[in-house]
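Values in this text are rule-based calculations from the coordinates and carry no lab data. Model, not experiment: these values are computed from the prediction. Methodologically, a virtual Cβ is constructed for each residue, glycine included, from the backbone with ideal geometry; neighbour enumeration extends over all protein chains shown.
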Amino acid sequence: MPSIRQAWRSAPLQMQLLTSHIVTLGLGVLIALSLTAIYPSLAEGGLEVGLAVITMVIFLSLSSGEIIVRPLKALRQAMAAFMAGDLEARAPLSDVPELRRLAVDFNRLAMSLQTVEQRRRQRLAVLIHEINTPLTVLKGDLELALQGSRPLTPDLLGKQLRQIERVNRLAEAISDYSKRMDDYLPTRCQVCALPAIIGDVVELVSSLPEARGRSIPIRCPDALPAAWADPDQVYEILENLLRNAVLYTPQGSVAVEVKVKHNFVWTAVVDTGLGIAAADLQTVFKLHRRSEAAQRCNPGGKGLGLTIVKDLVELQGGAVTVESQIGEGSRFSFSLPVA
């Protein structure tokens, strides 16, 4: 059998307030009766006053209980909605200072968790986008081989093997990421020779239909120091930038330029294509933000590529910049620390 204390604690808040007020009133009545026994003159009109006081106490108990219970119910509804997946759910602010602070604390926590969850979803989109790229390359090579237009030479088989190894590494990265408690992508930075990676990506992108058979020159100093970076992520950064460059340059040239500046290796993808309006440069790296020109040129795009570029560069301690003018082309540059 539950004790009286347990039953009291499990009762609704309004009932607890009403009961506590009635008990307080009862103590007051006992004191009043004691006083009237000592001073009989105080008993005149006592019944009417007592009934009025009891009615007032009940009214105040119910009113104060409603003032407290209503925001608590709203807070509970907001918490239930948030737990059900509505990341925008927030608790309304109460006029009661303590309950107001409670709602503010919940809203701050909800905002923080929403930010973490949004970044997790964005990072997973990055990883999925990364793993789709080598699979697309493999699919294209195998289709050409089946059609007989591309023989399975040792060079082609070696290229396919490298793509399979890349898929395996990305699968491991997704597995690692799913086990982490933070919202950051796993990076495997190491001493990295950029010319080899740039050459592989240029070879891949030059063979795409969007390249229209154009060559992509690489302007790189002979004594280029190694970078401290994740080779797979550098590959992804370059591939996104070069794919965009050839896609948005229907006529003109695309090139890769590399230089060293202040202990950073800067790599730039330069094109003479459509260019980007000044108003769109501020949001070019934001998720799912695409200019009208980009939507017309590539209606199937999802607005992920440049967001991925920025995230991956910053994860490796670098920075990314863009310079562009409508009708003159664009220059996307990113830096990586010197090893």
**Request:** Quote to one decimal, in nm, the extra length available between Ala278 and Ser112 on full extension: 0.36 nm per residue of separation minus the C-alpha distance between them.
**Result:** 56.5 nm
**Asked** Once the Cα atoms of region 187-339 are picked out, what are the Rg and Dmax in Å?
**Response** 14.7, 42
**Complete:** Between the modelled labels at Arg212 and Arg100 (7 Å from Cα along Cα→Cβ) the distance in nm is 6.4
**Request:** Going by C-beta contacts inside 10 Å, put Asp230, Asp280 in order with the fewest on the left.
**Result:** Asp280, Asp230
**Request:** Quick one: net charge around Ala80, please, counting Lys, Arg +1 and Asp, Glu -1 for every other residue with C-beta under 11 Å from its C-beta.
**Result:** +1
**Message:** Please arrange Asp232, Asp222, Asp155 by how many other C-beta atoms lie within 10 Å of their C-beta, fewest to most.
**Reply:** Asp222, Asp155, Asp232
**Request:** Place the peptides 239-247, 106-114, 142-150 in order of packing, highest mean first, counting for every residue the other Cβ atoms within 10 Å and averaging per peptide.
**Result:** 239-247, 106-114, 142-150
**Prompt:** Could you give the nm distance between label points at Ala171 and Ala319, where each point is 7 Å from its Cα heading toward the beta carbon?
**Reply:** 4.0
**Request:** Please work out how much length the chain gains when fully extended from Glu328 to Ala84, using 0.36 nm per residue of separation minus the C-alpha to C-alpha distance, in nm with one decimal.
**Result:** 82.9 nm
**Request:** Report the extension gain between Arg150 and Arg219 in nm, rounded to one decimal, defined as 0.36 nm multiplied by the number of residues separating them, less their alpha carbon distance.
**Result:** 21.9 nm
**Prompt:** What is the fewest-to-most order of Glu236, Glu165 by other Cβ atoms lying within 10 Å of their Cβ?
**Reply:** Glu165, Glu236
**Asked** When Lys and Arg each count +1 and Asp and Glu each count -1, what net charge do the other residues less than 11 Å away from Arg331, Cβ to Cβ, add up to?
**Response** -4
**Asked** Rounded to the nearest 0.05, what FRET efficiency is calculated for Leu93 and Lys286 with R0 set to 35 Å and r the Cβ-Cβ distance?
**Response** 0.70
